[in-house]
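Okay, so here's the structure we're looking at.
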Amino acid sequence: MNYNKKSVEEIEVRGKRVLCRCDFNVPTKEGKITSDKRIVAALPTIEYLIKNGARVILCSHMGKPKGEWKPELSLKIVADRLSELLGKEVIMAADVVGEDAKAKAAALQDGDVMLIENVRYIKGETKNDPELSKELASMADIFVNDAFGTAHRAHSSTAGVADYLPAVSGYLVQKEVSIMGKALADPDRPFVAILGGSKVSDKLNVINNLLEKVNTLIIGGGMAYTFLAAKGYGIGKSLLDEEKLEYCRDMMAKAAEKGVKLLLPIDTAIVESFPSPIDAEIEVAYCGCDAIPENMIGVDIGPESCKLFAEAVKEAKTVVWNGPMGVFENPTLAKGTIAIAQALADSDAVTIVGGGDSAAACEQLGFANEITHISTGGGASLEFLEGLELPGIACLQDK
Ligand code: ADP
Ligand code: MG
């Protein structure tokens, strides 16, 4: 995939109607926004467009209305918050590509900003319906994609519309693509990847693709136990992807063949039963990974593994991390995940965190400012690491 895409700075926007796809899919509770992080993240592109005299038409999805007009998923609350952040009116359209949106788009003056309604109110959006793409395109002269979180989806507002308009990236997409694209295409070495999370099957293609690129692959979290089982260790009642044992053996063989160092945990936190609720107080013991008792469950990497993994990170010039090292939702079982976050924070390397839960862990644990880049897209960053082409990026003009 070509990561060298034109940005919003490389096209004349003055006096032009610019349709800008954002990720305004904000979390809400009782009709109020609980985190405006995604709106804040979109500000640089929106402010650039305003400053440069564009007539800005913003669009986004929120939730999964599945083609139905659900008032609780209206983007009006986003328009209100965005207006506060910009210190400027944000004109809210009453529909997506209907009469109101079209009239308001046509009446925009240079530097004005409007937001159309939730694009997923229209059934065609998630089907990448060319009719909807054309309708969206008819309101504008230029398309800017700044929604990395949906870049792995070929929808009308994320990719289809680029068939009918010159299309470039916004700052957020540009940042994601340049940092992650560089890490995968031309990393400073040693390049260390750390994978965790619950299941091997969630990240099969990521493991396979990263083995082509990294110097060291660290595997922790729930998925490590299937690898340990594949090596012939007893793993007690720990998470096991039974159908993936052969795959794990293949990956270990591939690592050996490629000269990639594959690190697995050497010790583990063990519990008698999974905490319920997940953050309940829990008693935990530690043992070597070659001595997991039959009736116990491995739920975090142990202190020796933390040291081993941190050592590998210390030597790295590029680090990519996806997936927590343990059941980090429970404070007692978050130690491995904290140790990795700390290792990344202490490192001078380019450090990249992708994956919804690992990104959330970094933020909750207070490490966000010490990481080079925390991806704004869980699914999208995973597909990026798999080496897949993301439709929302592929559709943009090459430099
Ligand atoms: P990400 O969203 O960062 O890609 P995943 O969704 O793949 O990460 O995995 C996160 C989940 O993995 C967390 O809910 C965590 O509790 C779970 N997990 C991590 N280690 C274990 C383990 N040893 N046993 C069971 N679940 C685990
Ligand atoms: Mg997840």
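Can you give the accessible area of ARG153, probe radius 1.4 Å, in Å² rounded to 10?
110 Å²
Where in the chain lies the longest segment free of GluC sites (Glu not before Pro) that are both loop residues by DSSP (not H, G, I, E, B) and have at most 15 other Cβ atoms within 10 Å?
90-211
Taking all protein chains as present, what is the carbon and sulfur share of the accessible area of the chain, in % to the nearest whole number, probe 1.4 Å?
C and S fraction of accessible area: 48 percent.
Take the residue pairs LYS203/LYS254; LYS37/LYS213; LYS6/LYS258; LYS203/LYS258; LYS237/LYS307; LYS213/LYS237 and return only those whose Cα atoms are more than 27 Å apart.
The answer is LYS37/LYS213; LYS6/LYS258; LYS213/LYS237.
Which residue fluctuates the most in the chain, going by a Gaussian network model with Cα springs under 10 Å, if the choices are ALA106, ALA349, ALA41?
The residue with the greatest mean-square fluctuation here is ALA106.
In Å, what is the Rg of the alpha-carbon atoms in the chain, and how long is Dmax?
Gyration radius and largest Cα-Cα distance of the chain: 22.9, 71 Å.
Relative contact order for region 8-171: what is it in percent, counting Cα pairs under 8 Å that are at least 6 residues apart?
Computed value for region 8-171: 29 percent relative contact order.
With the Cα gyration tensor of region 300-399 in hand, give its eigenvalues times 5 under a square root as the equivalent ellipsoid semi-axes, listed largest first in whole angstrom.
Equivalent ellipsoid semi-axes, largest first: 26, 15, 12 Å.
Running a GNM on the chain with Cα contacts under 10 Å, which residue among GLY236, GLY170, GLY323 ends up with the highest mean-square fluctuation?
Ranking GLY236, GLY170, GLY323 by mean-square fluctuation puts GLY236 first.
GNM on the chain, C-alpha springs below 10 Å: top fluctuator among LEU204, LEU165, LEU75?
The residue that fluctuates most here is LEU204.
Tell me the accessible surface of LYS182 in square angstrom (1.4 angstrom probe, heavy atoms of protein chains only), to the nearest ten.
Using a 1.4 Å probe on the heavy atoms, I get roughly 90 Å².
Could you work out the helix-only [θ] at 222 nm for the chain, with each DSSP H run of four or more residues adding -39,500 (n - 2.57) and the total divided by the number of residues, to the nearest 500 deg cm²/dmol?
My calculation for the chain gives -10000 deg cm²/dmol from helical runs alone.
Only loop residues by DSSP count here, and only those with at most 11 other Cβ atoms within 10 Å; note down the chymotrypsin sites (Phe, Trp or Tyr not before Pro) in region 226-307 that meet that.
Hits after loop and neighbour filter: nothing returned.
So, how do all the Cα-to-Cα distances of region 8-171 break down into 5 Å bins, in percent, from 0 on up?
2, 10, 21, 25, 23, 14, 5, 1, 0
Just the Cα atoms of region 51-120: what Rg and Dmax do they give in Å?
For region 51-120, the Cα-based Rg and Dmax read 12.1, 36 Å.
For CYS306, tell me the accessible area in Å² from a 1.4 Å probe, rounded to the nearest 10.
Ignoring ligands and nucleic acids, CYS306 comes out at about 20 Å².
Please express the Cα-Cα pair-distance distribution P(r) of region 179-386 as a list of whole percents, one per 5 Å bin, running from 0 to the bin with the greatest distance.
1, 8, 17, 21, 22, 16, 9, 4, 1, 0
The values are calculated or read from the model by the stated rules, or taken from the named source; none is laboratory data. No experiment lies behind these values; they were computed from the predicted model shown. Every residue, glycine among them, receives a Cβ derived from its backbone with ideal geometry; neighbour counts consider all protein chains shown. For the accessible areas, the whole protein counts, side chains as well, though only heavy atoms, and no ligand, DNA or RNA atoms are used. Shrake-Rupley method; radii C 1.70, N 1.55, O 1.52, S 1.80 Å.
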